[in-house]
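Engineer: First the structure, which I've put down as structure tokens, then a few questions once you've had a look.
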Amino acid sequence: MNRPPPHTIRSLLFSGRRQLQQAGLAQASWDALILLAFLLNQEKEFVLSHPDQMIPAARVARFQKLLLARQQRTPLQYLCGTQEFWGRTFRVNPAVLIPRPETELLVERALACREKLKNLAQGGPLRVADIGTGSGCLAITLALELEGSSVLALDCSASALRTARRNARALAPSREIRFIRSDLVPPARARKAAGPFHLLVSNPPYVALGDKAGLDPEVRDFEPEEALFGGPDGLDVIRRIVPAAGELLVPGGLLLLEIGLGQSEAVLTLLAGNHWETKQVWPDLQGIPRCVEAWRKDCATGIHAL
């Protein structure tokens with residue numbers, strides 16, 4: 001009886017690349033490498049430097065299942081269960097949006113404003129709110145990078161909050177982070193306990209529904225729709241966040257908001273009301289206006305008490 005040929009790392013990388021190329025994936029070699037490294041629980045460098053290592057049949061079968069899922073355009077991050085953000089590894093799954101490099105711009109701006117926020121806190125804890133926390137990447141990163149901060153993270157999805165709590169336990173067990181299921185605005189009890197806030201960040205759903213068909217299948221067919229789409233023009237949730245932020249922030253507080261391509265003028269118009277003073281839009285590494293930075297006026301005029 002003929003036995004199947006033995007499988008080595010080299011042969012699996014070759015066959016995996018070929019399968020993914022046939023499925024039309026542009027980065028077939030990279031995808032095969034990442035999936036095999038994940039399967040073997042090894043770094044990419046180990047995989048590349050041990051081409052002749054034999055792989056047991058059971059793992060070969062599992063590799064084939066991973067390749068099939070990737071051929072069907074399941075994102076690598078969901079297959080491997082992780083995504084890097086600000087130098088840390090976050091757990092991800094189909095309940096949460098996959099963290100993107102451009103979202104790190106919100107962290108950059110928060111840290112750039114650290115001293116101003118610290119002065120605003122007047123020696124007390126820096127109170128931060130993250131609206132639509134998803135995997136918790138923003139809330140956890142800010143809790144770790146902003147010493148002495150107290151973070152409240154909100155999401156309307158119970159599944160997303162479970163993922164965020166798991167990430168917090170793994171990455172920031174000593175930091176003060178509270179996760180609450182809520183749609184945009186914290187419940188009154190939570191606002192009283194945790195707010196008003198010095199800093200409010202949000203990566204809201206901002207993709208226009210009309211743009212859905214043009215998204216990559218990995219995004220369109222696998223990531224949670226409630227974390228992606230913001231109505232006909234993509235601004236439905238942002239229209240709700242802006243007035244809410246005006247009430248949640250202390251006088252002089254900071255709002256950092258991620259936006260999509262072509263939305264900056266519309267969002268600045270939304271911020272033209274009495275709550276807001278300094279407003280600026282920061283581009284991402286591709287030059288796309290991505291982060292709106294808005295400071296609440298340093299006065300109580302027209303602001304409701306929390």
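Engineer: How much net charge surrounds residue 25 when only the other residues with a Cβ under 14 Å from the Cβ of residue 25 are counted, with Lys and Arg +1 and Asp and Glu -1? List each step's numbers first, then the result.
Structural biologist: Numbers: positive: 17, 18, 70, 73; negative: 31, 216, 218.
Net of charged neighbours comes to +1.
Engineer: Rounded to the nearest 10 degrees, what's the angle between the helix 28-40 long axis and the longest principal axis of the chain, both from Cα atoms, 0 to 90?
Structural biologist: 90 degrees
Engineer: Which order, highest average first, do 50-62, 218-230 follow once you tally other Cβ atoms within 10 Å for each residue and take the mean per peptide?
Structural biologist: 218-230, 50-62
Engineer: On a straight-distance basis, which lysines could pair with residue 65 in a cross-link, Cα separation under 26 angstrom, same-chain partners fewer than 8 positions away excluded?
Structural biologist: Of all the lysines, those that pass the test against residue 65 - Cα under 26 Å, at least 8 places apart if same chain - are 44.
Engineer: State the label only: which of (1) 22.1, 86; (2) 24.5, 77; (3) 18.6, 55 corresponds to Rg and Dmax of the Cα atoms in Å computed from the shown model?
Structural biologist: (1)
Engineer: Continuing with the same structure: Would you kindly derive the ³J(HN,Hα) couplings of region 8-14 from the backbone phi angles with the Karplus curve 6.51 cos²θ - 1.76 cosθ + 1.60 (θ = phi - 60°), listing them in order in whole Hz, with x for Gly and Pro?
Structural biologist: In residue order, the calculated couplings are 10, 4, 4, 5, 6, 4, 5 Hz.
Engineer: If you build a Gaussian network model of the chain, linking Cα atoms that sit under 10 Å apart, which residue out of 119, 93, 167 swings the most?
Structural biologist: 119
Engineer: If you roll a 1.4 Å probe over region 85-159 with all protein chains in place, what percent of the accessible area is carbon or sulfur?
Structural biologist: On the way: 1310 of 2760 Å².
Roughly 48 percent of what the probe reaches on region 85-159 is carbon or sulfur.
Engineer: In Å², what does the accessible area per residue of the chain work out to with a 1.4 Å probe?
Structural biologist: On the way: 15140 Å² over 306 residues.
Normalised by residue count, the accessible surface of the chain is 49 Å².
Engineer: Sticking with this structure for a sec: Sort 278-286, 252-260 by the packing proxy (mean of other Cβ within 10 Å over each peptide's residues), most packed first. All intermediate terms of the calculation are to be shown ahead of the outcome.
Structural biologist: Details: 278-286: 12.9, 252-260: 23.2.
Final packing ranking: 252-260, 278-286.
Engineer: Another question, then. Per the 1.4 Å probe, what fraction of the accessible area of region 170-288, in percent, lies on carbon and sulfur atoms?
Structural biologist: Values: 3000 of 5780 Å².
About 52 percent, which is the carbon plus sulfur part of the accessible surface.
Engineer: Please enumerate, by chain and number, the lysines with C-alpha under 26 Å from the C-alpha of residue 116, excluding those fewer than 8 residues away in the same chain.
Structural biologist: 192, 279, 297
Engineer: Give me the angle, in degrees from 0 to 90, between the Cα long axis of helix 57-71 and the longest principal axis of the Cα atoms of the chain, rounded to the nearest 10.
Structural biologist: Helix 57-71 sits at roughly 50 degrees to that axis.
Engineer: Shifting gears a bit: For the chain, what is the calculated [θ] at 222 nm in deg cm²/dmol (nearest 500), taking -39500 (n - 2.57) for each run of four or more DSSP H residues and dividing by its residue count? Working shown, then result.
Structural biologist: Working: 13 runs with 124 residues, N = 306.
Dividing the helical sum by the residues of the chain leaves -11500 deg cm²/dmol.
The values are calculated or read from the model by the stated rules, or taken from the named source; none is laboratory data. Quick caveat: nothing in here was measured; it's all calculated off a predicted structure. Backbone-built Cβ (ideal geometry, glycine too); neighbour counts: all protein chains shown. The protein model used for the area step is the full one, side chains on, heavy atoms only, and it has no ligands, DNA or RNA in it. Shrake-Rupley method; radii C 1.70, N 1.55, O 1.52, S 1.80 Å.
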